[in-house]
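Asker: Take a look at this one; I'll ask things after.
The values are calculated or read from the model by the stated rules, or taken from the named source; none is laboratory data. Remember, it's a predicted structure, so these values are computed and weren't measured experimentally. Here the Cβ positions follow ideal geometry from the backbone for every residue, glycine too, while neighbour counts run over all protein chains shown.
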Amino acid sequence: MVKKLRYTNALAVLLTVVGLSAPALAGSEDVVVENAWSRASIGVNRPGAAYMTVRNTGEDALTLTGLATPLAMMPEIHESKTNSDGVSSMSPAGEITIEPGQSVALEPGGLHAMLMKLQEPMTEGGTFLLTLTFSDGGKVTVEVPILGIAARGPEG
Amino acid sequence: MQRRQLLLCGAAGAGVLGLTLFVGWWRVDGPGAPEPKGQRPLPLSAMEFRLTDHEGIEVGPGNLIGRPTMVFFGFTYCPDVCPTTLSHISGWLEELGDEASEMNVVFITVDPERDTVEAMAEYVGYFHPIIRGWTGQEDQIARVVEGFRASYERVPTEGGDYTMNHTASVFLFDAKGEFVTMIDYHEPREFAVPKIRRALTEDVEGAK
Ligand SMILES: [Cu+2]
């Protein structure tokens, strides 16, 4: 399942909100966000994580600089790494540059949108809005479905 | 006087240098050297620890002998790696079906401060029903991790919270409690499931 839709106008936003499938609500012409998903949380004390593929369909490199969401006070792009001893660690990933025609995958065990200081629990079946900010000032807002805690991918 | 102090200083300096060299040797080549990578976990029968499972029952390594066992470390405040490992394991167990019902599958927390018995109970409830969650005193957790030749470390994060670095591999033991092999974090299902089958059938002393 690849949802690949691009929207730049208010009508599209409206259509999406009323339930037509479209992860990317608005924003930079050159960014396509696909297969966004997240796991439900237990309460608000534990951080959440969201995943997606961010594709640069434009002619110039794009740099993803940050995240914003009403769901969490401290959203940040993180990277999990597992070293040669099998030890996993997680740290802020900094800025992520996506070359023209390339994409970056936020997926379990690697890059992820870490959602720290949740404002409300992430409930299975719900969604939330996540805004990706780029160095050129562009913003793309994505509607992220919340799947079960044991979900393995965008299909559940 | 001046000279004597200098001499003393020199002697102390030589002493410090000697000690430094000795400490260096101890850490690098001597008995204090870090254990080589990939060192095998102890057999379960050689481990000693007391923990509590998510139903409040006292448990130890003895509870794992008699059936094949799968053990992994994590913590419930882990948003990425741990739920991913747990859901992979749930998937492997589904694929194994009835075969898996003969296994012990245990998630041991490395964050007992936040992972109380209640927290573990709620968390494991979202995954495959045979997965047990074990927690306990900090010193007991340290003993378990040592027995598995695993590691963990508390790392502060911005905003005053903390996260835990920890071994993310899944450990497999046969029914006698002998270590069989481990499944690395990024290992695909095609490799993971046969490894589990090996732990289920193997009673030869774990050929890796
Ligand atoms: Cu993270």
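Asker: Suppose we keep only residues that are in a strand (DSSP E or B), more than 13 Å from the ligand (Cβ to nearest atom) and within 12 Å of another protein chain (Cβ to nearest Cβ) within the range A:68-116. Which one would you say is surrounded by the fewest Cβ atoms within 10 Å (Cβ to Cβ)?
Answerer: Only one residue fits best here, namely A:73.
Asker: When the residues of the range A:119-144 are filtered to those that are surrounded by fewer than 20 Cβ atoms within 10 Å (Cβ to Cβ), over 21 Å from residue A:104 (Cβ atoms) and not β-branched (Val, Ile, Thr), which remaining residue is nearest to the chain's Cα centre (by Cα)?
Answerer: Per the criteria, the residue is A:126.
Asker: Here's something else I'd like to know. Out of the range B:47-102, which residues are of a type in the set (D, E, K, R) and either assigned to a helix (DSSP H, G or I) or touching a residue at least 40 places away in the same chain (Cβ under 8 Å) (or both)?
Answerer: Hits for the range B:47-102 are B:48, B:50, B:53, B:55, B:67, B:94, B:95, B:98, B:99, B:102.
Asker: Check whether at least one residue in the range B:133-155 is crowded, with 20+ Cβ neighbours inside 10 Å, within 16 Å of residue B:87 (Cα to Cα), more than 16 Å from the ligand (Cβ to nearest atom) and modelled with pLDDT of 95 or more, and report yes or no.
Answerer: yes
Asker: I'd like the residue in the range A:117-133 that is outside any strand (DSSP E or B) and of a type outside the set (Gly, Ala, Ser) and, out of all such residues, is nearest to the ligand (Cβ to nearest atom). Spell out how you get there, then give the answer.
Answerer: Step one: of the range A:117-133, the residues outside any strand (DSSP E or B) are A:119-126.
Filter once more, so that each one left must be of a type outside the set (Gly, Ala, Ser): A:119-124.
Details: A:119: 18, A:120: 19, A:121: 18, A:122: 15, A:123: 20, A:124: 20 Å.
Result: A:122.
Asker: Of all residues in the range B:165-203, count the ones that are of a type in the set (Phe, Trp, Tyr) and either closer than 15 Å to residue B:144 by Cα or outside the structural domain of residue B:108 (by TED's automatic domain parsing) (or both).
Answerer: Here is the first cut: in the range B:165-203, the ones of a type in the set (Phe, Trp, Tyr) are B:171, B:173, B:179, B:185, B:191.
Pick out the ones that are also either closer than 15 Å to residue B:144 by Cα or outside the structural domain of residue B:108 (by TED's automatic domain parsing) (or both) and you get B:171, B:173, B:179.
Residues that pass the stated criteria total 3.
Rundown of residues vs (1) within 14 Å of chain A (Cβ to nearest Cβ); (2) farther than 25 Å from residue B:67 by Cα, yes/no style:
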residue	(1), (2)
B:124	yes, no
B:129	yes, no
B:136	no, no
B:144	no, no
B:154	yes, yes
B:157	yes, yes
B:199	no, no
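Asker: Any chance you could count how many residues in the range A:51-67 are over 13 Å from the mean Cα position of the chain (by Cα) and either surrounded by fewer than 22 Cβ atoms within 10 Å (Cβ to Cβ) or farther than 18 Å from residue A:34 by Cα (or both)?
Answerer: Matching residues across the range A:51-67 total 6.
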